[in-house]
1. Mind checking which residues of segment 71-85 are modelled with pLDDT of 95 or more and either surrounded by fewer than 13 Cβ atoms within 10 Å (Cβ to Cβ) or assigned to a loop (DSSP other than H, G, I, E, B) (or both)?
2. Could you tell me which numbered condition Leu270 fails, if it satisfies all but one of (1) within 14 Å of the chain's Cα centre (by Cα); (2) among the aliphatic types (A, V, I, L, M); (3) open to solvent by 10 Å² or more (accessible area, probe 1.4 Å); (4) more than 15 Å from Thr163 (Cα to Cα)?
3. Can you name the residue in segment 110-119 that is in contact (Cβ under 8 Å) with a residue 24 or more places away in the chain and either outside any loop (DSSP other than H, G, I, E, B) or open to solvent by 90 Å² or more (accessible area, probe 1.4 Å) (or both) and is also nearest to Arg153 (Cα to Cα) among such residues?
4. Identify, please: which residue in segment 1-58 is part of a strand (DSSP E or B) and farther than 23 Å from Leu164 by Cα and is, among those, most open to solvent (accessible area, probe 1.4 Å)?
5. For the structure I just gave you, tell me whether Gly233 is on the phi > 0 side of the Ramachandran plot, assigned to a loop (DSSP other than H, G, I, E, B) and surrounded by fewer than 21 Cβ atoms within 10 Å (Cβ to Cβ).
6. Which one of Pro220, Pro207, Pro184 is touching a Lys or Arg at 6+ places or on another chain (Cβ under 9 Å) and either open to solvent by less than 60 Å² (accessible area, probe 1.4 Å) or closer than 29 Å to Asp254 by Cβ (or both)?
7. Kindly provide the set of residues from segment 145-169 that are among the hydroxyl-bearing types (Ser, Thr, Tyr) and either surrounded by fewer than 17 Cβ atoms within 10 Å (Cβ to Cβ) or not in a loop (DSSP other than H, G, I, E, B) (or both), ordered by number.
8. What's the number of the only condition in (1) of a type outside the set (A, V, I, L, M, F, W, C); (2) open to solvent by less than 20 Å² (accessible area, probe 1.4 Å); (3) not in a loop (DSSP other than H, G, I, E, B) that Glu172 fails to meet?
Amino acid sequence: MDGHRLEWEFGALAVGDVGAMIRWVSFRLPSGKRFEPFARAPWIGGDGLDALAPHLRDLGAEFACLPFGVGGPLDAIAPEWAGLPIEGSNAVPHGPAANAVWTLEEKTERALRFALPYPADHPVRGLERTIAIDPERPAVHLSLRIEARRPARVSVGLHPILTLAAPVDSLELSADFAFGLTYPAAVPGEAMIAAIGQSFDRLDAVPAADGGSVDLSRLPKARPIEDVVQLCGARGPVAVIFAHEAARLVLDWDRTLLPSCQIWISDRALQSAPWGGTYRGLGIEPIASAFDFAETLSGMSNPISDKGIATTLAIEPGRDVEIRYSIAAEEIG
């Protein structure tokens, strides 16, 4: 089942109860052409998925994470990160926000509003998530409201995933940021394309694992890749041109609350179940977090926060925090 649907002149979308996840979006561009820029896991509806985190069983277009991060064993940890709990794991990958069943509180012709209470021992009392269509263009407006039970700092992230099922180098990423960091450790296998623990100023000149530089502003690459970079101090929205579709997707968000954007490239490299070398996704993930590490690391002094980029978000009772963001499609050419 597709869950809760919204349809309008400029498209349609469906949202599931688990994670209040947007499962799919189909935009209708001014020319009448359909534009479907999001990834959808090929294993959805298959057998043997019960052992997976709930958000992975029906991995679709977009969801929210609190605490943001997964964590787990790593190799070749960069010296700057040594001594930190870099291999710790969140008890629930990406937190209850991504995995629990949300309650649909309100549905109108233009919007869905969901609510999720948090465990009684958590500093967050609950979340509210609103997904609204733009009646005048192919765009979706979203918000995540955080109600605090007690003062705390929490890691938070948004998790749109675009499709990489496209011709080589046909996606062009555009982003303005203070500085970028490559992943400070090795992920399993030999699929990383960027050097470990390096900084950069431009997505088209990222230090490469085999020396020199690699252009990560153009994707996908011909070979399988599993890699992550973090764009710190984001200064504007992230735009992705789908040249073969003559379309662009623009992700805009409140950068005073989520000052970084993690770029997750997961393209045919993960071989374990359920990935099976078939998943082709590009995460464009606004975050207040240190990469996708466990919340313990994001909540302490680390090489990102030490450079003045917040890796957590402050919350306190009586002052809800609302993160507003939007996803808009545009025709080009």
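1. Ile77, Ala78, Pro79, Leu84, Pro85
2. Answer for Leu270: the failing condition is (1).
3. Filtering first and then ranking leaves Leu116.
4. Glu7
5. In short, no.
6. Pro220
7. Thr163
8. (2)
The values are calculated or read from the model by the stated rules, or taken from the named source; none is laboratory data. Note that this is a predicted model, so its numbers are computed, not measured. With ideal geometry, Cβ positions are generated from the backbone for all residues, glycine too; neighbour counts draw on all protein chains shown. In case anyone asks, the SASA skips ligands and DNA or RNA and just uses the protein heavy atoms, side chains included. Shrake-Rupley method; radii C 1.70, N 1.55, O 1.52, S 1.80 Å.
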